[in-house]
Amino acid sequence: MKNATVLALVLAAGLLVLGYFFARAAEARDQALRAEMNARRAAEESMSYAIDALESAPAPAVALEPESVPQRQELPFTTEDRIARMLADLDAVVERAFEEGPDQEASREALGEVWKRLYSLEERAEKAQRAAQAERAEAQRGHRSNARIWVEDAKQIADAARRNAAIEEIRAALFSADEAERMAALSALAQIADVEFDKASFRAPLLSLAAGAEGQALVSSLFALAATDRRPEDVALALRTVDDPEARSSAVRLAFLFSDGGLVGEVGAAVAPLLDPNDPAAFTNVKSIWGAEVSPEIATSLLEMSRHPDHSRRHDVVYYGLSTLREKSPEIVARLIELLDDGSESGRALWGLGQGVPGVSQPTVANAMQVYFDARSDRKSRERALAIVHRYGTPENLPWLEALRDNPNASQELRASAERAIEAILSR
């Protein structure tokens, strides 16, 4: 019995030892598998990064004779070949790390070799990328300089030949194979809308450039078209910017330009989401609607934005939006009257109530001007308020105007302005 017990204990101990070694082996294998996956993932990411960077590296600084330049397939190793060879080399190192299994020291050594090679590759890739970026930046600086010179030459009035030469240089640059030069030409065209030249001749090349463009290239093409030979049917082209993430920041301005400020109907529906009060970008987009006619949906958004707690944002909505609208709804008129009592916005609200007020709201504004006039003492505010009463006043305002005309304490200028306002109302 005693021997049987001892034997059982020995067997149990043996099983425990075997279990321990199996568990360690499984754990080591799991570690190796995870190491392999991490190393392969890092290798693939670095290889992708390296290919992009190496392929965008600048061309050799020294030009070679055509016959001395070998074709790509004649080179011993292309970029892809070099990357493929390094990948294979790294795969071998990773495989060795996996084969080492439980030997963690050897595994760490092998994986260390992987990371060392990856860092070396990444360093070379970053160096190539920095060189490419520096060359592109230098080229862009040169083309921006060209655009500035073209604009200066086109805008000067003393030398017609110089002006015409600049226009033709811009035209030639539109057909350049160099994208930066094309962008410089587009930038120059957008800045010379006030110059007299054959703008219709630029329509075809600009439409061609815009047709297949995206992002900033599309935006630049459209601004150039708007400055040369924009036509009503081009609105649909401008609205493409709404759904282009890289062009969306210019969408409201372009929609305004190509619709002659009519942000209503299809155009209004397209840009309304870009004036959503919940979108911070809306407070920048509102700067593009000066003098617009807006849809009810946009008007509602502007009213909500005009109550934003941040003063600078609220001010921009009043300054660029509400006060400038081509035709102000009764709700917008009421909001501007309300803002007459806002010390920081009252001047702009007063200016805005001087135009774009439809007939149905004009008597309301004239009555508000009486109240405002009586509450202010500065000459400029009083003169502006009285001018608005002159423009919008009704017989209801005549008693107030007559009292002002007959007030001996009022200035001669104000009394004369009141008399002219009375005559205007009686003549209507």
- Task: Just need a number here: residues in region 356-398 that are in a helix (DSSP H, G or I), within 15 Å of residue 410 (Cα to Cα) and of a type in the set (D, E, K, R).
- Result: 5
- Message: Please go through region 152-177 and give me each residue that is assigned to a helix (DSSP H, G or I), in contact (Cβ under 8 Å) with a residue 24 or more places away in the chain and more than 24 Å from the chain's Cα centre (by Cα), ordered by number.
- Response: 154, 155, 163, 164, 167, 171, 173
- Hey, residue 287 hits all of (1) among the charged types (D, E, K, R); (2) within 27 Å of residue 266 (Cβ to Cβ); (3) not in a helix (DSSP H, G or I) but one; which does it fall short on? (3)
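Given the condition more than 24 Å from residue 347 (Cα to Cα), in the same structural domain as residue 223 (by TED's automatic domain parsing), modelled with pLDDT of 95 or more and under 18 Å from the mean Cα position of the chain (by Cα), answer yes or no: does some residue in region 286-297 qualify?
Restricting attention to region 286-297, the residues satisfying the condition of being more than 24 Å from residue 347 (Cα to Cα) are 295-297.
Pick out the ones that are also in the same structural domain as residue 223 (by TED's automatic domain parsing) and you get 295-297.
Filter again for modelled with pLDDT of 95 or more, leaving 295-297.
The next check asks that each one be under 18 Å from the mean Cα position of the chain (by Cα); those that pass are none.
No: region 286-297 contains no residue that is more than 24 Å from residue 347 (Cα to Cα), in the same structural domain as residue 223 (by TED's automatic domain parsing), modelled with pLDDT of 95 or more and under 18 Å from the mean Cα position of the chain (by Cα).
Being in contact with a Pro (Cβ under 7 Å, 6 or more places away or on another chain), part of a helix (DSSP H, G or I), surrounded by 15 or more Cβ atoms within 10 Å (Cβ to Cβ) and at pLDDT below 95: is that true of residue 180 here?
Values: in contact with a Pro (Cβ under 7 Å, 6 or more places away or on another chain): no; part of a helix (DSSP H, G or I): yes; surrounded by 15 or more Cβ atoms within 10 Å (Cβ to Cβ): yes; at pLDDT below 95: yes.
Judged against the criteria, residue 180 is not a match.
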- Message: Of everything in region 367-390, what is within 41 Å of the chain's Cα centre (by Cα) and either surrounded by 15 or more Cβ atoms within 10 Å (Cβ to Cβ) or closer than 16 Å to residue 420 by Cβ (or both)? Give them in sequence order.
- Response: 368, 369, 372, 381, 384, 385, 387, 388
- Message: Condition check: out of contact with any Pro (no Cβ under 8 Å at 6 or more places or on another chain), among the polar types (S, T, N, Q) and under 22 Å from residue 303 (Cα atoms). Does residue 362 satisfy that?
- Response: yes
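Taking residue 302 as the residue in question, decide whether it is touching a residue at least 24 places away in the same chain (Cβ under 8 Å) and touching a Gly at 6+ places or on another chain (Cβ under 6 Å).
Working: touching a residue at least 24 places away in the same chain (Cβ under 8 Å): yes; touching a Gly at 6+ places or on another chain (Cβ under 6 Å): yes.
Criteria met by residue 302.
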- Note on region 209-249: residues of a type outside the set (A, V, I, L, M), surrounded by 21 or more Cβ atoms within 10 Å (Cβ to Cβ) and over 18 Å from residue 173 (Cβ atoms) are 230, 234, 241
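The values are calculated or read from the model by the stated rules, or taken from the named source; none is laboratory data. Small disclaimer: the values here were computed from a predicted structure and weren't measured. Reconstructed Cβ throughout: ideal geometry from the backbone, glycine too, with neighbour counts over all protein chains shown.
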